[in-house]
Amino acid sequence: MMPELSLNILDLAENSIRAEADFVEITLDENTKDDILTLVIRDNGKGMDGEFVKQITNPFITTRTTRKVGLGIPFVKQITDLCEGELVIDSEPGQGTELKAIMKNSHIDRPPVGDIVSVIHTLIVLNPHIDFLFIYKVDENCYSIDTREWKEILDVVPLNDMNVQKTLKEDLLSGLKKIGRSLI
Amino acid sequence: MTTLDELRKLKEKALDDLKTREGSASAKITVGMGTCGIAAGAREVTTAFMEEIEKRNLKDVIVAQSGCMGYCEQEPLVEVEKDGQKIVYKKVTAEGAKKIVAEHVINGNIVGDMVFATDEK
């Protein structure tokens, strides 16, 4: 298991990247009133057929050729099972994939979100050709960053430019602080 | 949150920097980011590389990522491509990342005790 939910998020986003997505949307929604934490990862990658989705929580199902075991999704399934939640995966070939992990927010087995700033920063900077939309909601407070908006203004300057990297990190840090989630 | 105006200024500054820089990257660092790599600490290693590169102002070094390379037990694996040569380092830590930047990326000396594989025949 991963010690932080943000590492599961990084891992799941890697699935989207391997599915050749050029847009990945990551939403974390903490509803403290109803005590529900929802993670949604949506991509426009190549998707999976129904048969494959049915088997996806089986660790011995993977598209990899480098090894025969895939633990990314089983890890998340384990968390949602432990935390009185559920894992819903909606996918269609050619249409992309939506993964929704729902957990009881205050559950003792719910991993801490952890260093989500580094995860989102890493995803954006290491994959400058992919667009990311990251949304973090804590009840009525919300932070979001959309790299498509940044790219529109930055134009020829890539997101992995050193100056841009720095500003991205500051944006993430100050944005999460504003919604009361300064985790590092 | 960063305002549009701040982003425009950022673009100007980055463009100025780009002008003073020449040619292609001097080194490319690729971190394995499969489930195995992440579980073994690839995120911390990536962050360490990015911080070290920023601290030393190495504007022509690229950090990239790859999936699982098939040697999960050796993760985090990091490939450094420099001067046409590729070296794969194994079990890289944040400290190891700093060492790789200082010794290999900047000075061109391969960090011998961390090498997993090279592309030399």
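All of the numbers you see were taken from the coordinates with simple rules; none came from a lab. Worth saying up front: this structure is predicted, and the values here are computed from it rather than measured. Here Cβ is always computed from backbone atoms with ideal geometry, including for glycine, and neighbour counts include all displayed protein chains.
The alpha-carbon of A:Lys104 sits under 20 angstrom from the alpha-carbons of these lysines, leaving out residues fewer than 8 places away in its chain: A:Lys33, A:Lys77, A:Lys137.
For A:Gln55 and A:Lys151 in the same chain, what is the full-extension length gain: residue separation times 0.36 nm, less their Cα-Cα distance, in nm? Spell out each step's value before the answer.
On the way: separation 96, 0.36 × 96 = 34.56 nm, distance 3.75 nm.
Net length gain for the segment: 30.8 nm.
Residue by residue through B:4-10, how many Cβ atoms from other chains fall within 10 Å of the Cβ on average? Could you put the intermediate results ahead of the total?
Details: counts 4, 1, 4, 9, 3, 2, 10.
Across the residues of B:4-10, the mean count of other-chain Cβ atoms within 10 Å is 5.
Scoring B:63-70, B:76-83, B:5-12 by mean Cβ neighbours within 10 Å over their residues and listing the highest first yields B:76-83, B:63-70, B:5-12.
The H on the amide N of B:Gln65, modeled in the peptide plane, is under 5 Å from the matching H of B:Val31, each at least 5 residues off or on a different chain.
A crude spin-label estimate for the pair B:Ser26 and A:Asp109, with each label 7 Å from Cα along the Cβ direction, gives 5.1 nm.
Take each of the peptides A:150-157, B:41-48, average the number of other beta-carbon atoms within 10 Å over its residues, and list them starting from the highest.
Values: A:150-157: 16.0, B:41-48: 23.2.
With the highest mean Cβ count within 10 Å placed first, the list reads B:41-48, A:150-157.
Look at the stretch A:166-173: the mean tally of other chain Cβ atoms within 10 Å of its residues' Cβ atoms is 3. Our estimate of slack between B:Lys86 and B:Ser66, defined as 0.36 nm per intervening residue step minus the Cα-Cα distance, is 5.8 nm.
What full-extension length gain, to one decimal in nm, is calculated for B:Glu120 and B:Thr3 as 0.36 nm per residue of separation minus the Cα-Cα distance?
Working: separation 117, 0.36 × 117 = 42.12 nm, distance 4.88 nm.
The B:Glu120-B:Thr3 span can extend by a further 37.2 nm.
For chain B, the longest principal axis of the C-alpha atoms and the axis of helix B:4-20 are separated by about 70°. Rounded to the nearest whole Hz, the Karplus-based 3J(HN,Hα) values (6.51 cos²θ - 1.76 cosθ + 1.60, θ = phi - 60°) of segment B:95-100 follow the sequence 5, x, 4, 5, 5, 4, with x at glycine and proline.
When the Cα positions of A:Ser91, B:Gln74, A:Pro59 are compared along the charge dipole of the protein assembly as shown, B:Gln74 comes out farthest toward the positive end, with charges on each C-beta of Lys, Arg, Asp and Glu. Summary of packing: across the peptides B:103-109, A:78-84, the per-residue average of other C-beta atoms within 10 Å ranks them, highest first, as A:78-84, B:103-109. For the protein assembly as shown, A:Cys83, A:Cys142, B:Cys68 stand unpaired, since no other cysteine beta carbon lies under 4.7 Å from theirs.
Taking only the Cα atoms of chain A, the radius of gyration and Dmax are 16.4, 47 Å.
For chain B, the longest principal axis of the Cα atoms and the long axis of helix B:42-55 meet at an angle of about 50 degrees.
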